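Notes for the one structure printed next.
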Amino acid sequence: MTLNGRRIEVDAPSETTLFELLHGHLALTGTKLACARGECGACSVLLDGATAYSCLTLAAGCSGMSVVTVEGLAPPGSLTALQRAFVAHDATQCGYCTPGQLIAAHALLADNPHPSDEEIREAMSGNLCRCGTYPKILTAIRAVARGEFADDRSARAP
């Protein structure tokens, strides 16, 4: 598979989920596990550009595919426009759901750079936030869609 832009080969038991591979075998701990049933979105990754729950996806099924985790959204030490908007609009709260929220929002904006509020809510509906930060997440995504945060890859992480 290609993981965060880099081709890798991994040997893992056939029952290994993508989450287990990422978190346990490859030490990519940005992806979180909360429900382990595909109900919360905390484990979301991009699989060939589409949002997928890594807790339900078998790693073996990802052979030849592109997988992007939250770590792969921007180069180390940098933040995407979306990540900066989440910070600026305090859309992170406890932060546990944030990686999955960012992945879902990234997929939405890649497919629809100027979504309506209804389209944002629909695209984000597979991601739960126990802190109830939904209005701030919506505001952050809206701000990026309006171009308030240029996607400057040189922007440094705080």
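General observations
- The packing ranking of peptides 108-120, 136-148, 23-35, highest mean first, is 136-148, 23-35, 108-120, where packing means the average number of other beta carbon atoms within 10 angstrom of each residue.
- Looking at region 1-132, the DSSP beta bridges with both ends there are about 80 percent antiparallel.
- Computed on the chain, with alpha-carbon pairs under 8 angstrom and 6+ residues apart, the relative contact order is 26 percent.
- Residue with peak Gaussian network fluctuation, the chain [Cα springs, cutoff 10 Å], from 36, 105, 91: 36
- Modelled label reach - residue 48, point 7 Å along Cα→Cβ, region 67-105 residues with backbone N closer than 14 Å: 67-68
- Note on residue 36 and residue 134: the extension gain reaches 33.1 nm, defined as 0.36 nm multiplied by sequence separation minus the Cα-Cα distance.
- The residue among 29, 69, 106 whose Cα reaches farthest toward the positive pole of the charge dipole of region 16-126, with charges on the beta-carbon of Lys, Arg, Asp and Glu, is 29.
- For region 81-145, dividing the convex hull volume of the Cα atoms by the residue count gives 67 Å³ per residue.
- Region 8-158, Rg to Rh (Cα coordinates; Rh as Kirkwood inverse mean 1/r): 0.96
- Summing Cβ point charges (Lys, Arg +1; Asp, Glu -1) relative to the Cα centre of the chain gives a dipole of roughly 400 debye.
- At least 15 Å along the helix axis (C-alpha) and Kyte average at least 0.0, DSSP helices within the chain: 98-111, 134-145
- Within region 1-74, GluC sites (Glu not before Pro) in DSSP loop having at most 12 other beta-carbon neighbours inside 10 Å: 9, 15
Every read-out reported here was derived from the displayed coordinates using simple, explicitly stated rules and does not represent laboratory data. Fair warning: this is a prediction, and the values are worked out from it, not measured in the lab. Positions of Cβ are generated from backbone atoms using ideal geometry, with glycine treated the same way; all protein chains shown enter the neighbour counts.
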